[in-house]
Structure formats: C-alpha cells, structure tokens
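Working notes, beginning with the structure itself.
The values are calculated or read from the model by the stated rules, or taken from the named source; none is laboratory data. Since this is a predicted model, take the numbers as computed values, not measurements. Here the Cβ positions follow ideal geometry from the backbone for every residue, glycine too, while neighbour counts run over all protein chains shown.
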C-alpha cells in the first residue's frame, strides 16, 4: 500500500495520472508532461513534494554533529534561514544521500532528505547522532509545495500578508524564512527561481487551491525530472549512490576539505583528490533522432561508461544525458542505442539556464 500525501485527492480531482514513486502514490503528470515542463520554464508551476522527509534536529551539539555528518561545511551557515546543499557519506566516501540543511538557531537545524532513502537515512542519522545527545523530530505534519518558474515568486507573494510578502520578497537564493505560519525557502530542483514552501497539513489544500486561483498550474514528477536534468541537477539513485564519491558524481563543489574538521569518508576523498578520481561525470547531447536513457553504454577514448540520467529535453528539442565515464580525455564519444552506436557531443552542463539553452549545448 503506497503512502499518500495530503494532496492525493486533489491530484486525482485535477485528472492526474498517479504512479508509485519510492512507496508514495504521486502524480506523474496532469495530461501533458511537456506542457507542464514548458509552463515551469515560461511562467510558473507547482509540485507536490510532500513525500520528502523533513527532520528537525535540536540540541546544543547539532552543529558539531553536522560537521561530522556531511562533506560540505555547515560552518558556512551563519545567518538564520541560510541553507546548504550537502552529501552524507559512508566510510568509503560513497553517497548515502544528498540533502539540504537549514540553519535556524545554534541548537536547531532542519534537514530535508529524499523520500526513497527515508528509512536508511533516518537509521544512519540516528546512529551517528547518538553520542551528541540530539533530539530528532520527523515532521510528517508538514506538506511541501515547490512553486517554480520565472513568475513563481511574484505569484506566491500575492498570497501572503504584506509583512510576510516583504520578508519573503527579500530572500536571497538558498535562504528561508518563517512567515504567515509557512516556512518559505528560495530553493528548487528545476533550474528556475521560486520557492519551496513547508505548509502545515491542515492548511495545505487551501494553499494549493489559492495558488491555482492565481494561475500557478500543477506539474507532475515527469516534468520535474526533465526540468532538473536540463538544469544539470543530480538525482539520487541514478546519478549518485554509495558506489560513487562526490568527485565521481560531478559534486566536487559540495566537498569542503576545511582544516580541523573530520567527517565520515574524508580520508577516501583526500586520497582521491590527490590521485585523481578514476571516473568523471559528463554531459551529453544527441543531435540525431533518438533518446538517451539510463543504462546505455557510452564509449570514449579512455574506455566505456554508462548513461545515468537521460531524457528528451523539451526546451532543446533533442536528447540529453548525464554519464559516468573513465577519467581523462574523452575523445569522440558514442552511445549504444539498441545495438547501434550513435555519435554524441560532450558539453558542459547545466544544459539550460534561466530558461535558455547554454551556448555550448546549442552546438
């Protein structure tokens, strides 16, 4: 039996096609995944992401604990509401999960982790936190609505009180505030500006319907996936997992080897940085007809790799992918599609930024 978010009946009333996603009954689309994709790129769309797990950590030793838990440095978090994207690693440097950390007070940090990894994450965090005397509260009483697109912030601000709109309107990127009983974060997973909003479950459906009334259209997980891939954002379970370090997953920017801080997996990362990672993440564009998909073999001058995430890009009108291949000069690259090798271009990602194709991607 799948878990259901507070919006389940609302999705069905809107004609959503529902699928099982990590044990949750979630909308894949509301009719046209491509139209929902364009809606977010061109105006504003909203996603139910209430399946994500919210953990509130309380205690005097929360910061020291988080310094040990993740590869990025929570010492960067000095202003209330500031957020940090980080990877939680095992002793081998493999990625247990990627998450967002919010600093709310010296003794209060909030984590948002992936839905499909909830059980293993909670077990790992609880075990690692035990020596620090930290209280961990799972916030199943909160729903999450992501409102994304060039007009997303303006449409959300319409719904807030004047004081709350002023506060939320001043938020910098990757910063959150509490206003009108909402937790409003200027974060997202689409490559567009917008907010991710934590709403008490009792107010959630009303808030969703108010967003509908100001022209924010619902979008499903299908569009969320094509949007995040165009934005070059990694997906846990496809682009990273325990089999790859952040250096091999294109996430070197999330590793802080700051002095005086030991974190789980650090010795492996230090050795890998010194010697160079054996594998690298690259972006691919297929200019011919065809679709790039997870698991397809990729052939480079340095050896064989595979596609991790691949899709048809509605914004570009062609197939794109993230692939993990041997380190070194790739040379001419080909992908095996149904037994036929097709040439692909290696490009820097993100493929799309601020709603437009990157010059390198256009070719």
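Brief remarks on what is shown
- On the stretch given as region 234-290, residues that are in a loop (DSSP other than H, G, I, E, B) and under 24 Å from residue 314 (Cα atoms) total 10.
- Among residues of region 333-351 that are surrounded by fewer than 18 Cβ atoms within 10 Å (Cβ to Cβ), none has a Cβ under 8 angstrom from a residue that is at pLDDT below 95 and in a strand (DSSP E or B) at a sequence gap of 6+ or on a separate chain.
- Unique residue being assigned by TED's automatic domain parsing to the domain that holds residue 28 and surrounded by 20 or more Cβ atoms within 10 Å (Cβ to Cβ) when the list is 97, 56: 97
- Within region 112-131, the set of residues being touching a strand residue (DSSP E or B) at 6+ places or on another chain (Cβ under 8 Å) and without any contact (Cβ under 8 Å) to a residue 60 or more places away in the chain comprises 120, 124, 126.
- Taken together, 215, 222 contain a single residue that is assigned by TED's automatic domain parsing to the domain that holds residue 120, in a loop (DSSP other than H, G, I, E, B) and either in contact with a helix residue (DSSP H, G or I) (Cβ under 9 Å, 6 or more places away or on another chain) or modelled with pLDDT under 95 (or both), which is 215.
- The numbered conditions (1) crowded, with 21+ Cβ neighbours inside 10 Å; (2) in contact with a helix residue (DSSP H, G or I) (Cβ under 8 Å, 6 or more places away or on another chain) are all true for residue 284 except (2).
- Every test in (1) out of contact with any helix residue (DSSP H, G or I) (no Cβ under 8 Å at 6 or more places or on another chain); (2) within 30 Å of residue 26 (Cα to Cα); (3) surrounded by fewer than 17 Cβ atoms within 10 Å (Cβ to Cβ) is passed by residue 76 save one, and that test is (2).
- Entry remark, region 209-231: residues being farther than 18 Å from residue 21 by Cα and surrounded by fewer than 22 Cβ atoms within 10 Å (Cβ to Cβ) number 8 in total.
- Of the strands (runs of 3 or more DSSP E) lying entirely inside region 123-194, the ones with 3 or more residues being outside the structural domain of residue 355 (by TED's automatic domain parsing) and within 30 Å of residue 263 (Cα to Cα) are found at 135-138, 182-185.
- When 242, 304 are checked against the criterion of being surrounded by fewer than 20 Cβ atoms within 10 Å (Cβ to Cβ) and in contact (Cβ under 8 Å) with a residue 60 or more places away in the chain, 242 stands alone in meeting it.
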